[in-house]
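**Q** Okay, handing you the structure first.
Throughout, read-outs are computed from the coordinates displayed, never taken from laboratory work. All of these numbers come straight from a predicted model, not from anything done at the bench. Cβ sites come from the backbone with ideal geometry, for glycine too, and all protein chains shown count toward neighbours.
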Amino acid sequence: MYPDLRNHLQLQNSTSKTADHLLTGKFSTDVLWNLGSLALLGVSGVLINTIIAHYQSPTSLGVFNQAFAFYIVLSQLAVGGMQFSIVKYLSHTDDCDLMATVISSALVAITATAVLVAVVTFLLTHYMGVLFKSKEVTLGIQFICPALVLFSVNKGFMMVLNGTRHMRAYAIFQGLRYLLIIVGVIGLILAGFAGPYLAWCFLVSELLLAIGLIGFVHKSIVGLGLRHVARSWICRHLSFGMRGFFGGMLSDLNTRVDIILLGYFVNDASVGIYSFAAVFAEGFGQISYVVKQNLDPIIGRFTAAKSIDQLRSLMRKVVLVFVPSILAVSIVSTLLFPVMVRLFTDDRFLESWPIFTILLAGIVINAGFRPFQGVFLLTGRPGLHSLFFFIVVLSNALLNVLLIQRMGTMGAAVATSLAYVIESLLILYGIRKILVGHGVAV
């Protein structure tokens with residue numbers, strides 16, 4: 001048997017076994033830990049919003065979520081995509097000296113860009129406050145600036161855990177971040193703080209997380225220090241980051257564009273009502289991301305082996321099993337939403353019920369497609385991946401601008417839901433285009 005043919009058949013057999021292993025629910029321990037961490041992320045988001053909504057006003061919740069939206073988006077700019085550079089280079093070596101150089105140089109580069117972004121953001125907050133017509137939002141953005149630096153550095157440390165395959169530790173620290181945010185919010189509320197001052201929870205959580213990450217990496221992976229920093233590696237990380245951060249930033253921006261634009265067009269209380277529903281809906285969106293995360297390696301193997309029948313079977317199983325499941329859960333959640341609102345908050349937040357329903361409709365439609373979102377990267381087309389996110393974010397932003405002015409918060413919900421539909425159509429187009437190029441009839 002020819003070597004190429006033997007390798008091709010081995011890859012197909014390996015792909016089939018891996019797919020069966022995945023689809024029957026027999027995940028590795030590391031995957032289970034990270035699924036648990038992701039579930040904790042979704043639950044913590046709901047808890048944080050419920051706590052603020054219960055003990056404070058919709059205005060306070062709106063200000064907090066606007067500051068949080070800027071925090072998430074600006075963190076991508078601050079870290080500059082260099083977290084992915086860490087993963088790339090660490091995955092290619094077991095040499096401790098080289099690892100120390102890669103990590104130390106990356107952390108220095110990330111710190112420099114993060115400080116620059118934080119300082120520029122702080123200097124521009126006055127103009128942001130004028131733009132959003134809210135002094136409280138101005139304060140909230142100012143308060144996240146110190147946390148931006150630590151958040152970016154901690155992203156680097158988290159990717160060290162990823163690149164060195166300490167996935168259980170990665171899951172623990174990821175979950176710990178959101179537990180610390182919850183504790184921080186509760187502590188600040190008990191201390192009498194509200195609105196923008198709740199943003200201090202990010203600085204507290206990232207500071208404590210940094211202490212834990214530094215200790216773990218130094219003890220369990222490799223010792224770090226300025227003596228390991230190399231100018232050539234700083235330049236290498238910066239170069240890689242500049243080429244790769246665009247897609248990541250667009251991805252995070254897409255999850256927050258409705259909140260940011262609402263902050264411009266409506267008052268903080270309306271943003272609070274909307275964001276209360278949006279956080280719950282986003283939790284359902286995370287379920288599709290979990291499926292995507294675990295399908296990515298399988299899709300990569302299928303496309304490499306050109307396993308036509310197995311690929312079709314995989315897509316069919318996802319659509320036939322996952323979509324009806326999330327539809328059923330969404331219907332139940334929609335019916336129970338007003339009960340939950342009255343149980344944990346008050347009737348002011350009942351206005352978010354139709355918003356929640358509209359957002360869930362888009363998420364359910366998207367559920368059969370988002371698990372295959374990684375097909376662009378998995379088939380070696382990072383340019384298409386960035387273009388995909390650019391189109392999704394642009395359409396999301398344009399729809400929000402048009403509909404918010406006409407329908408307020410309901411317009412934001414409709415626009416975001418339509419953006420989910422557009423994302424689905426683009427993924428379907430990408431699958432057909434790419435797989436036809438791989439000789440797969442779809």
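**Q** What is the distance, in nm, between label points placed 7 Å from the Cα along the Cα-to-Cβ direction at Val421 and at Tyr127?
**A** Each label point lies 7 Å from its Cα, and together they span 3.7 nm.
**Q** Over the alpha-carbon set of the range 43-102, work out the extent along each principal axis and list the three values in angstrom, largest first.
**A** Between the extreme Cα coordinates on each principal axis of the range 43-102 lie 53, 22, 14 Å.
**Q** If you don't mind, there's one more thing I want to ask. Enter the Cα centre distance for the pair the range 165-223 and the range 270-293, rounded to the nearest angstrom.
**A** 22 Å
**Q** Could I ask something else about it? In the range 56-242, what is the volume of the convex hull around the alpha carbon atoms, normalised per residue and reported in Å³?
**A** 108 Å³
**Q** Structure shown: which of Lys155/Lys219; Lys219/Lys292; Lys292/Lys433; Lys155/Lys292 lie over 23 Å apart, alpha-carbon to alpha-carbon?
**A** Lys219/Lys292
**Q** Using the alpha carbons of the range 80-151, what is the convex hull volume per residue in cubic angstrom, as a whole number?
**A** 75 Å³
**Q** Under the 0.36 nm per residue contour assumption, what length would be gained going from the current alpha-carbon distance of Ala191 and Val119 to full extension?
**A** Result for the pair: 23.1 nm of gain on full extension.
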